[in-house]
Structure formats: structure tokens, C-alpha cells
Amino acid sequence: MKTAKLVYGGEEYDLPVFTGSENESAIDISKLREQTGAVAYDPGYGNVGSCRSAITFIDGDKGILRYRGYPIEQLARKACFSEVCHLLIHNHLPDEEEFGLWRRELTLNSFIHEDMLKFFEGFPTKSHPMAILAAMIASLSAYHPEEERGQTIEKNIIRLLAKVKTFAAFSYKKSVGEPFVYPLTRYSYAQNFLRMMFATPAEEYEPPKVLADALNMLLIIHADHEQNCSTSTVRMVGSSRANLFASVSAGVSALWGSLHGGANQAVIEMLERIIDDGGDCKAFVAKVKEKKSRARLMGFGHRVYKNYDPRARLLKKANDDVHRKLGIKDPLLDVALELEEIALNDEYFIERNLYPNVDFYSGILYRAMGIPTDMFTVMFAMGRMPGWIAHWKEQRDTPNSRIHRPRQIYTGTTERKFIPISKRPKSKKG
Ligand code: CMC
């Protein structure tokens with residue numbers, strides 16, 4: 001067995017080394033504290049493998065992303081989102097019969113308990129749809145409280161995948177004051193979602209193929225991305241044996257932040273600001289480089305990719321196709337292309353390996369579909385659902401998996417004595 005040697009406190013320790021199926025090496029420090037009394041320190045977890053996982057492989061230096069071994073480019077161009085959900089969760093692409101049943105279940109379970117409709121009435125009209133989504137998903141535990149094992153887990157998985165699009169579409173319908181629209185079994189996941197968003201009782205609505213294809217690809221591209229902030233959150237919460245709905249609801253909240261899934265909304269807001277300020281992309285990039293401005297080029301950079309994010313490449317091309325086919329001219333796309341050109345030729349971005357990530361072009365594509373900006377992160381959450389579920393399930397199925405409980409290095413005050421309030425000196429802060 002390969003080992004790594006650690007010399008610490010005058011002692012030598014042999015730490016086991018193992019490799020993953022793509023030859024990624026790991027030094028096993030799971031006994032480090034027990035053996036040496038010290039813990040490993042890695043804020044932001046950039047160097048820590050928190051689990052062994054067989055779901056998604058990323059090589060950030062080469063720009064490779066594969067789900068269960070299948071390259072993202074092949075899945076994004078040839079598969080449908082429901083198939084990819086099955087692949088991620090059940091580790092194989094379904095055959096025709098399995099797929100028929102799976103798709104039917106996904107439509108039949110899209111309906112939500114009529115009582116839950118009252119929740120939509122209770123939210124203020126201006127609520128952010130991510131707040132509604134997290135609350136609705138957590139509430140599913142109240143409607144399906146059965147203990148999770150065997151078939152109940154499978155049933156809850158289907159419920160969650162199916163109902164998330166209903167929550168998303170209904171939160172939009174509520175915001176525009178239109179009646180809710182339910183899905184039909186003859187449509188795919190993406191077609192149904194478009195119909196639930198944009199159909200009205202006034203006329204027939206057939207989801208346009210160009211939009212359904214683009215949405216299908218967007219959902220697949222977002223479906224999993226190994227141990228990112230929200231997925232690690234789902235695993236962290238799930239490690240306490242919290243139920244599927246509670247764990248995934250926590251993931252939705254983690255995704256919301258602007259450094260993670262919220263970046264797709266932040267990119268559009270940034271592009272709009274640049275246009276409002278006169279459209280000077282060079283001046284904006286110069287401002288980003290001044291650290292004291294604290295501005296970032298949103299949609300650029302990634303913890304794992306030190307090369308072009310393969311998802312951004314697919315989305316850039318999809319934007320081109322959709323805008324051309326629909327004859328749309330979006331000034332935001334022109335600004336994004338110019339920013340990319342400037343950044344990719346600028347020393348600051350080159351030195352730091354900063355490239356467009358998935359969020360740089362996704363928002364522009366959602367805009368072309370007519371999806372409002374504050375729904376963008378909800379779209380990301382819908383796509384990421386099978387990934388969160390697959391990770392929650394993988395962890396649950398891992399024998400002897402332990403509750404996640406990192407250590408810390410305490411830097412606060414050392415022991416001091418309590419002084420009763422009458423004898424306490426006056427506080428300097430006043
Ligand atoms: N604009 C300007 N400078 C940047 C950017 C950016 N977008 N991203 C990183 N940097 C700089 C950063 O200031 C630092 O510079 P220095 O070494 O001089 O201090 C260096 O690059 C390394 O950055 P970091 O913050 O240590 O990198 P990280 O791995 O902790 O953060 C990130 C990754 C994605 C949070 C970050 O690149 C970022 O804030 N990007 C903008 C937000 C964004 O687009 N997020 C979506 C990520 S992809 C979708 C998802 O998975 O959620």
C-alpha cells in the first residue's frame with residue numbers, strides 16, 4: 001500500500017494513500033487527530049475530500065465534466081433531462097420501458113396537495129422565488145411524514161423531482177397574478193415546465209421546440225457538479241439523518257448566494273449596470289481589478305475549473321443558436337461577449353486562470369425564454385435537483401457513514417472569571 005510520511009512533533013507517521021478511478025490521489029488523514037493530537041486546517045475546504053463518490057467526475061485543469069462516466073457534451077446534446085435524472089440517481093440510463101414508467105411517475109406526481117396552494121397566498125407578492133422554493137420543499141416533509149426507508153425513499157425522490165417544477169412555475173404565476181397550470185403526461189419535463197409558466201386559459205399553448213430543447217440542455221448542464229457548496233450542504237444536513245426534503249431545502253438556501261447559483265442573477269444585474277453606465281466594458285474590468293472596489297466579474301472564475309468551464313462553452317453556443325433562430329438581438333449578449341474578450345486577454349484574469357463559468361451565459365439564455373431574472377436561481381435549483389438527491393442517497397447508502405462534524409482552531413479569549421453586573425467596569429463601547 002502507498003503511504004505518505006508526516007513528520008510532526010519529532011515523530012514520523014505513515015498516512016495511507018489511495019487513488020480514485022480517474023487516478024486522483026488522496027492522503028487519508030482520517031486518523032490524524034487520534035494519532036498526532038493535531039487537526040488539518042483548510043478554510044474553504046479547497047484541499048479536502050469529504051467523501052468517496054461515484055456520481056460525477058470533474059477534471060478542472062482539462063475542463064472535463066462527466067456524470068456516471070458520460071461526458072457532459074454528449075448528455076447535453078443527446079439526452080433528455082428525465083433520463084439524466086434517472087442516470088444520476090440510479091446509476092444507469094433507463095431502457096425504454098423503465099423510461100416510460102419513470103416519465104409518467106414524474107408527471108403524475110407533479111400535482112401538489114391543494115392545501116399547499118394556500119402557502120402561495122400567504123407569501124408577499126414581492127417574495128424572492130428562492131425563498132418560496134426553499135420553504136415549499138421543506139414543507140413537503142409535513143405532507144409526507146412517513147419514515148424514510150426502501151420504497152418510501154423512492155417515492156419521495158419522485159415526489160421531489162416532480163413537484164419542484166410545480167413550485168417554480170406556480171411561484172411565477174402567483175407573481176404575475178395568473179391561474180396555475182398543471183402538467184400533461186404527453187409532454188417532456190422541459191415542455192411541461194414552459195407550459196406551466198407561459199400557458200394561459202385564453203389560448204392553446206404548444207411549447208416552442210427551440211425553447212424546450214434549450215431548457216432541456218440547461219437543466220442537464222446544471223444537474224450535478226460534485227461537492228460544491230449546496231451539494232456539500234445537502235450531504236452535511238443529510239449526515240444527521242435529516243429527511244430528503246429538509247436536506248434538499250437547505251441545499252436550495254446554500255445555492256441562493258451570489259458566489260454560487262445566485263451568480264446567474266448577479267451577472268444580468270452587472271450587465272444591465274454596465275449598459276446603464278454607458279456600456280464601457282474596459283472601465284468595468286479596470287474597476288474589478290482594483291481590489292478595493294470589491295467588485296467581481298460575476299460569472300467568471302471557479303474553485304475547480306482552471307480552464308474554460310465546459311458548461312459555459314455549451315451555453316455560449318446555445319445562446320448563439322437560440323438568438324439566431326428566434327431573431328432576438330439582446331444588447332446584454334453583446335456586452336457579455338465583449339467582457340469575455342477583454343478578460344481572456346487581460347493579465348489579471350490570465351494569471352489567476354479565470355474563465356467564464358456556467359452562470360456567465362445561462363441568464364442570457366433564460367432571458368430569451370422570457371424567464372424573469374429573479375427566477376434564474378430557481379432554474380438552477382430545478383436542474384441541480386437530481387444531483388442533490390443522488391448525493392443524499394449515496395451518503396445514506398454508505399455503510400457506517402458518520403455525521404459531518406468538522407473541527408476548528410479556537411482563537412477567542414482564554415478562560416476568564418464571571419463578574420456580576422453591579423461590579424462590572426463600564427463598557428468602553430458605551
Ligand atoms: N472577478 C475578479 N477577480 C476574481 C474573480 C472574479 N469573478 N474570481 C476570483 N477572482 C480573484 C480573487 O480576487 C483572487 O485574487 P487574489 O489571488 O489576488 O486575491 C483570485 O482570483 C482567487 O479567487 P478566490 O476567491 O480565492 O477563488 P475561490 O475559489 O475561493 O472562488 C468563486 C471561486 C467562483 C467564488 C470566485 O471565482 C467568484 O467569486 N466568482 C464570481 C461569482 C461567480 O461567478 N460564481 C459562480 C460560480 S460557478 C456556479 C456554481 O458552481 O455555483
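The values are calculated or read from the model by the stated rules, or taken from the named source; none is laboratory data. Predicted model only: the values in this text are computed from it and were never measured. Positions of Cβ are backbone-derived with ideal geometry, glycine not excepted, and every protein chain shown enters the neighbour counts. Surface areas here come from the heavy atoms of the whole protein model, side chains and all, with no ligands, DNA or RNA. Shrake-Rupley method; radii C 1.70, N 1.55, O 1.52, S 1.80 Å.
Distance from the Cα centroid of segment 172-191 to that of segment 81-138 is 12 Å (rounded to whole angstrom).
Calculated accessible area for segment 27-116 comes out at 59 Å² per residue, all protein chains present (probe 1.4 Å; ligands, DNA, RNA ignored). Peptides 111-122, 46-57 ranked from most to least packed, by the mean per-residue count of other Cβ atoms within 10 Å: 46-57, 111-122.
Relative protection proxy for 332-339, 357-364, 88-95, from highest mean packing down: 357-364, 332-339, 88-95 (other beta-carbon atoms within 10 angstrom).
Taking amide H positions as modeled 1.01 Å from N, with prolines and chain starts lacking one, the residues under 5 Å from residue 239 and 5 or more places away or on another chain are 404.
For segment 2-41, the alpha carbon positions stretch 34, 17, 14 Å along the principal axes, listed from largest to smallest.
Phi angles of segment 249-263 translate, via the Karplus equation with coefficients 6.51, -1.76, 1.60 and θ = phi - 60°, into HN-Hα couplings of 4, 5, x, 4, 5, 5, 5, 4, x, 6, 7, 10, x, x, 5 Hz per residue; Gly and Pro are given as x. Full extension of the chain segment joining residue 416 with residue 428 gains 2.5 nm, where the gain is 0.36 nm per residue of separation less the Cα-Cα distance. Put simply, the amide H of residue 70, placed in the peptide plane, has no neighbours under 5 Å, leaving out anything fewer than 5 places away on its chain. Placing R0 at 51 angstrom, the Cβ-Cβ distance between residue 52 and residue 289 gives a FRET efficiency of 0.80 after rounding to 0.05.
Near residue 4, the amide H atoms lying under 5 Å from its own belong to 15, 17; only residues 5 or more places off or on other chains count, and H is placed 1.01 Å from N.
Grab the other residues whose beta carbon is less than 10 angstrom from that of residue 120, score K and R as +1, D and E as -1, and report the net. Net charge in that neighbourhood comes out at +2. Once a ≥ b ≥ c are taken as the square roots of the eigenvalues of the Cα gyration tensor of the chain, is the result rounded (a/c under 1.5), prolate (a/b larger than b/c) or oblate (a/b not larger than b/c)? Cα axes put the chain in the rounded bin. With contacts taken as Cα pairs under 8 Å at a separation of at least 6 residues, segment 48-177 carries a relative contact order of 21 percent. Computed in the context of the full set of protein chains, the accessible area of the chain at 1.4 Å probe radius has 51% of its extent on carbon or sulfur.
In the chain, helical runs assigned H by DSSP with n ≥ 4 each contribute -39500 (n - 2.57); averaged across all residues and rounded to the nearest 500, the mean residue ellipticity at 222 nm is -16000 deg cm²/dmol.
Contact order for segment 2-41, expressed relative to its length and based on alpha carbon pairs under 8 Å spaced 6+ residues apart, stands at 28 percent. For the set 209/329; 78/317; 163/316; 118/173, the pairs lying more than 24 angstrom apart at their alpha carbons are 163/316. Would you mind calculating the relative contact order of the chain from Cα pairs under 8 angstrom and at least 6 residues apart, reporting the percent as a whole number? This gives 19 percent for the chain. Springs between Cα atoms under 10 Å define the GNM used for the chain, and in it the highest mean-square fluctuation of 374, 280, 224 occurs at 280. Computed from backbone phi with θ = phi - 60° and the Karplus coefficients 6.51, -1.76 and 1.60, the 3J(HN,Hα) list for segment 159-170 is 4, 5, 4, 6, 7, 4, 6, 5, 4, 5, 5, 5 Hz; x is used for glycine and proline.
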